[in-house]
Amino acid sequence: MPRALNRQITLARRPSGIAGPDDFALIESPLPEPADGEVLVENLYLSLDAAIRSWMKADCSYFPPIAIGEPVRSTALVRVLASRHPAFKPGDHAVAYACSAWQDYSVIAGDAMFAVEESPDFPLHYHLSIFSAMGLTPYFGMLDIGQPKPGETALISAAAGAVGSLAGQIARIKGCRVVGIAGSDEKCRKLVDEMGFDAAFNYKGKNTEQLSREIAALCPNGVDIFFDNVGGEILDAALLNLAMFARIAFCGAIGDYTKNGPIPGPYNYWQILARCATVRGFLTLYYKDQFPAAIAEMKGWLDNGQLKFTEDISVGLESVIPAFAKLFTGENTGKLLVRLSDY
């Protein structure tokens, strides 16, 4: 049975730097009622993604900013409790991409949800990790934008993160030489020894010139594909090492999400012209009609051991805020999820 009240984590103020407890408020409100075309859902798992931090800014670019006093927007694995939408009935499961929130229950437009079913082959919550944005983002970013070819070099920033590690593995599956950039020597070791990267280096404490030298040493023929999760100085260093006709998949800029005010650069933007490179940003939601085929291919890679991933799962709504901070301190050890309820 649903709780009598809905617990919600709301945005109390615009964070400065890494979001902390004072930036949020835990409140309780009456259980919402769905209108025509909507469904009432119980949030079973919440996905904690770096992009959520950008939605907390007043000038969020591709989604409206989260309003002060509103629940923090999130992607969630949900169970339908009540439906006024023809595609859903009570008991159905779905993924609500960027349209649920940090709360026990949500009312969501049925058209905004992606129905999923239990499978004997993998846990249901995989639809919020490897078969959700975590896996589908590197899948489409690498294959559609990176267009990897055997023998090319792929460079991945934030390579030890959930998205970056998969982007590198997908490039490797397609025959590329793969180089990762991560934030510790131990993470670099795991990329090579456990994820199959050809090389990796630690970016900490290095300026653009030093980063550029590291990339040049590990990518002597230039970078054909740069999967950019970070922006900032790492992007500038990568631009100085592009091969001719390089492709840059602009996935995110986690290095800028906690900064306030205008973000400078990239200073080496002119290299895009000099190398006849292509830069393209992308949002996974626009590939929604291709999700089933992508999931089927990724499942095949998992089954034959070509693809590996890890999850970092916290339990309970009260764990959301400290778990979210781990994205920006580098403490997470895989895809960050919060379990609120069993399937």
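Nothing in this text is a laboratory measurement; each read-out follows from the coordinates by a stated rule. In this text the structure is predicted, and so the values were computed from the model without any measurement. Note that we place each Cβ from the backbone using ideal geometry, even for glycine, and neighbour counts take in every protein chain shown.
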- Query: If the cut-off is a Cα-Cα distance under 19 Å, which lysines reach LYS190, setting aside same-chain residues fewer than 8 apart in sequence?
  - Reply: LYS204, LYS308, LYS326, LYS335
- Once the Cα atoms of the range 145-200 are picked out, what are the Rg and Dmax in Å? 10.0, 30
- Taking springs between alpha-carbon atoms closer than 10 angstrom, which of GLN103, GLN169, GLN306 fluctuates most in the Gaussian network model of the chain? GLN306
- How high is the FRET efficiency between VAL192 and ALA109 when r is their beta carbon distance and R₀ equals 41 Å, given to the nearest 0.05? 0.40
- Query: What number, rounded to the nearest 500 deg cm²/dmol, is the helix-based mean residue ellipticity at 222 nm of the chain, given -39500 (n - 2.57) per DSSP H run of at least four residues and division by all its residues?
  - Reply: -7000 deg cm²/dmol
- For the range 241-252, just list the computed ³J(HN,Hα) in residue order, Karplus coefficients 6.51, -1.76 and 1.60, θ = phi - 60°, integers in Hz, with x standing in for Gly and Pro. 10, 6, 7, 4, 6, 5, 10, 10, 8, 8, 8, x
- Task: Could you pull out which residues in the range 311-343 have an amide N less than 19 Å from a spot 7 Å beyond the Cα of LYS204, following the Cα-Cβ vector?
- Result: 325-334
- Within the under-10-Å Cβ sphere about LEU5, not counting LEU5, Lys/Arg +1 and Asp/Glu -1 give a net charge of 0
- List the lysines whose Cα lies under 18 Å from the Cα of LYS57, skipping any in the same chain that are fewer than 8 positions away. LYS259
- Task: Return the sequence-ordered ³J(HN,Hα) values of the range 14-31 in whole Hz as given by the Karplus equation 6.51 cos²θ - 1.76 cosθ + 1.60 applied to θ = phi - 60°, using x for Gly and Pro.
- Result: 6, x, 10, x, 5, 5, x, x, 6, 8, 10, 9, 9, 10, 10, 9, x, 4
- Item | the range 41-130: GluC sites (Glu not before Pro) in DSSP loop, at most 16 other beta carbons within 10 Å | GLU117, GLU118
- Provide the convex hull volume over Cα atoms per residue for the range 1-68, in Å³. 131
- Item | Electrostatic dipole magnitude of the chain [Cβ: Lys, Arg +1; Asp, Glu -1; Cα centre; debye, to 20] | 680
- So between GLN306 and MET244, what do we pick up on full extension, going 0.36 nm a residue minus the alpha carbon distance? 19.4 nm
- Task: Mind listing the long-range amide H neighbours of TYR45? Cut-off is under 5 Å, sequence gap 5 or more, other chains count too, H placed in the peptide plane at 1.01 Å from N.
- Result: LEU77, LEU340
- Query: Taking neighbour counts of Cβ atoms within 10 Å as a proxy for exposure, in what order, fewest first, do PHE197, PHE282, PHE140 appear?
  - Reply: PHE282, PHE140, PHE197
- About its Cα centre, the range 133-284 carries a charge dipole, from +1 on Lys and Arg Cβ atoms and -1 on Asp and Glu Cβ atoms, whose size in debye to the nearest 20 is 160
- Signed unit charges on C-beta, dipole axis of the chain, positive-most listed residue SER212, VAL163, TYR62: SER212
- Task: Rank-order 44-51, 26-33 by packing density, defined as the average count of other C-beta atoms within 10 Å over each peptide's residues, highest first.
- Result: 44-51, 26-33
- Rounded to the nearest 5, what % of the DSSP beta bridges within the chain are antiparallel ones? 60
- Query: How big is the range 156-313 on each of its three principal axes, counting only the C-alpha atoms and giving the largest first in Å?
  - Reply: 42, 35, 34
- Potential lengthening between LYS57 and ARG84 on full extension [0.36 nm per residue; Cα-Cα distance subtracted]: 6.4 nm
- Item | Cross-link partners of LYS299 among aspartates and glutamates (Cα-Cα below 18 Å; sequence separation of 8 or more within a chain) | GLU117, GLU118, ASP121, ASP289, GLU311
